[in-house]
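*Asks:* Encoded as structure tokens, here's the structure I'll be asking about.
Read-outs: derived from the displayed coordinates by stated rules, not from any lab. Just so you know, these numbers come straight off a predicted model, no measurement behind them. Please note: Cβ atoms are built from the backbone with ideal geometry, for glycine as well, and neighbour counts cover all protein chains shown.
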Amino acid sequence: MIFVITGPSGCGKSTMVRMIQEKIDNVRFSVSHTTREKRESEEEGKDYYYVSKPEFEQMIKEEKLAEWVFLHDNYYGTSKKEINEEGTRGDLLLDIDVYGAQQIKPRLEKALFIFILPPLFKDLKTRLEERGQVSVDTINKRLEVARREILAYPQFDYIVINDSLDRAVQELEAIILSERCRLDSRKKEIEPILQSFLGEE
Ligand code: ADP
Ligand code: 5GP
């Protein structure tokens, strides 16, 4: 199953996705392509594939991307290859912006879309300020974009309010685990159980 995690910048998407990967097995993170600079804590191929703007534009031209966005002066996008590999290795988590989630929705009919909200606008502002890395001007721009983005919440399947981080991650975990119990997801596991009932005295 594909889970698309979206919400305004600073709402906690990447923090929550990182925590979920440590908490549950068989979840894979969809590695996006970006033209932004690699941060010191990040790794090529693990956090992003870092490419130049001409390289990214070539990928757009060759229709290699399932969705993409020009955000904060850089390109970000999910390659079709990344989502096509799903299924062979458990669940796939995408951490993408709201516009990207809206773009990819018609392409991923079976995916679940999870919208992360901060408790209040002022909390989002504090989190963006405390995360650092960018100027006051950039933070203000992101906050203005966030005012618009949150209006998209009814388009998504689940809403997680990231007030207490642990509780919010617990909710995200519950969504993923309950999805694994669905009839369709259980077909492979049911088969040997059924066989054991049918085949033995
Ligand atoms: P996003 O990936 O959505 O842009 P981040 O995961 O980078 O957001 O989170 C933005 C900042 O808020 C980070 O500094 C992170 O540590 C912090 N943060 C995330 N969740 C919480 C929370 N529940 N309470 C307080 N701070 C949080
Ligand atoms: P950052 O530069 O902080 O890593 O990410 C900035 C924003 O880009 C975040 O909101 C993140 O969710 C979004 N983002 C990361 N990868 C993608 C992607 O492949 N597509 C889209 N649409 N947004 C992305």
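*Asks:* Counting only residues that are more than 13 Å from ligand 2 (Cβ to nearest atom) and more than 22 Å from Leu177 (Cβ to Cβ), how many does region 86-108 have?
*Replies:* 1
*Asks:* If I ask for residues that are near ligand 2 (Cβ under 10 Å from one of its atoms), in a loop (DSSP other than H, G, I, E, B) and closer than 22 Å to Asp166 by Cβ, which ones from region 10-43 would you list?
*Replies:* Passing the criteria: Gly10, Cys11.
*Asks:* Just need a number here: residues in region 127-164 that are more than 16 Å from ligand 2 (Cβ to nearest atom) and either surrounded by 13 or more Cβ atoms within 10 Å (Cβ to Cβ) or under 18 Å from the mean Cα position of the chain (by Cα) (or both).
*Replies:* The total comes to 6.
*Asks:* While we're on this one: Can we say Glu62 is over 18 Å from the mean Cα position of the chain (by Cα) and without any contact (Cβ under 8 Å) to a residue 40 or more places away in the chain?
*Replies:* yes
*Asks:* Would you confirm whether or not region 105-120 contains a residue that is among the hydrophobic types (A, V, I, L, M, F, W, C), farther than 21 Å from Arg167 by Cα, in contact (Cβ under 8 Å) with a residue 24 or more places away in the chain and in contact with a strand residue (DSSP E or B) (Cβ under 8 Å, 6 or more places away or on another chain)?
*Replies:* Yes, some residue in region 105-120 is among the hydrophobic types (A, V, I, L, M, F, W, C), farther than 21 Å from Arg167 by Cα, in contact (Cβ under 8 Å) with a residue 24 or more places away in the chain and in contact with a strand residue (DSSP E or B) (Cβ under 8 Å, 6 or more places away or on another chain).
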